[in-house]
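J.: Right, I'll just put the structure down here and ask away after.
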Amino acid sequence: MFQRIMTFSAAFLFISTLSAVQLPDIKMADTGLPFQKIDGYQDYKIVATHWRSEKKELRYVLANPIAYDAIKAKKLPMPEGSIMVKIGWSVKPMGAFPLALEADKLQRIEYMVKDSKNFDQNGDHWGYARFVKKGDTYVPYANGSAECVACHSSVASDDYLFSSFQPTF
């Protein structure tokens, strides 16, 4: 029993430490969007997962409460203040079950925010930010957000979103 309590306490301390980590004070050069805008994203809800085969990357797509409610209800266009976060992980064979893959190293964190006042690339009303993991730190994506805008324009009819709500039951 004591061992279980110690294990639970260590896990709680580890999770508490993770949520206490402050995001770097960096910004995307072309949009001015700061990494810290999504502070607390770890508490957003997962709405979808994706596998990018060309990057061999597992991606979790999370939504802030405004975006979560809208995407779950299939309400498009998304309301102002919606934030969608994409976390990209490399994968590795799972130690306990080598036939399966699991997330390994965090590669990137990207987000898009619905903000009609400040963003209107091609009429989409979304601001885009991408922060790439380099060693133990993050850096703003050097090529800016033009790739995000170009790629997301292919799904303009879905309010520039690739993801739709994936129910868990």
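J.: Evaluate the range 17-27: report whether one residue or more is in contact with a strand residue (DSSP E or B) (Cβ under 8 Å, 6 or more places away or on another chain), closer than 18 Å to Trp126 by Cβ and at pLDDT 95 or above.
T.: yes
J.: Give me the pairs, please: first residue somewhere in the range 148-169 and of a type in the set (Val, Ile, Thr) and at pLDDT 95 or above, second residue anywhere and surrounded by 11 or more Cβ atoms within 10 Å (Cβ to Cβ) and not in a helix (DSSP H, G or I), beta-carbon distance under 9 Å, and either six or more positions apart or on two chains.
T.: Filtered contacts from the range 148-169: Val155/Leu161; Val155/Phe162.
J.: Condition first: surrounded by fewer than 17 Cβ atoms within 10 Å (Cβ to Cβ), within 11 Å of the chain's Cα centre (by Cα) and outside any strand (DSSP E or B). Can you find one or more residues in the range 53-69 that meet it?
T.: Scanning the range 53-69, I find no residue that is surrounded by fewer than 17 Cβ atoms within 10 Å (Cβ to Cβ), within 11 Å of the chain's Cα centre (by Cα) and outside any strand (DSSP E or B), so the answer is no.
J.: So which residues in the range 52-83 are in contact (Cβ under 8 Å) with a residue 60 or more places away in the chain and closer than 10 Å to Lys114 by Cα? Explain how you work it out, then say what you get.
T.: Going residue by residue through the range 52-83, those that are in contact (Cβ under 8 Å) with a residue 60 or more places away in the chain are 61, 71-72, 74, 76-78.
Those that are in contact (Cβ under 8 Å) with a residue 60 or more places away in the chain and closer than 10 Å to Lys114 by Cα: Pro77, Met78.
J.: From the set of residues in the range 101-134 that are among the charged types (D, E, K, R) and under 16 Å from Leu62 (Cα atoms), which is surrounded by the most Cβ atoms within 10 Å (Cβ to Cβ)?
T.: In the first step, residues of the range 101-134 are kept if they are among the charged types (D, E, K, R); the result is 102, 104-105, 108, 110, 114-115, 117, 120, 124, 130, 133-134.
Going one step further and asking which of them are under 16 Å from Leu62 (Cα atoms), we end up with 108, 110, 114, 130.
Numbers: Arg108: 17, Glu110: 20, Lys114: 22, Arg130: 25.
Filtering the range 101-134 for residues that are among the charged types (D, E, K, R) and under 16 Å from Leu62 (Cα atoms), the one surrounded by the most Cβ atoms within 10 Å (Cβ to Cβ) comes out as Arg130.
J.: Give the range 138-160 a look and list any residue that's of a type in the set (Ser, Thr, Tyr) and in a strand (DSSP E or B), or say none. Walk me through it before giving the result.
T.: Keep residues of the range 138-160 that are of a type in the set (Ser, Thr, Tyr), which gives 138, 141, 145, 153-154, 157, 160.
Residue satisfying the conditions is Tyr138 alone.
The values are calculated or read from the model by the stated rules, or taken from the named source; none is laboratory data. None of the values given here were measured: they were computed from a predicted structure. Backbone-built Cβ (ideal geometry, glycine too); neighbour counts: all protein chains shown.
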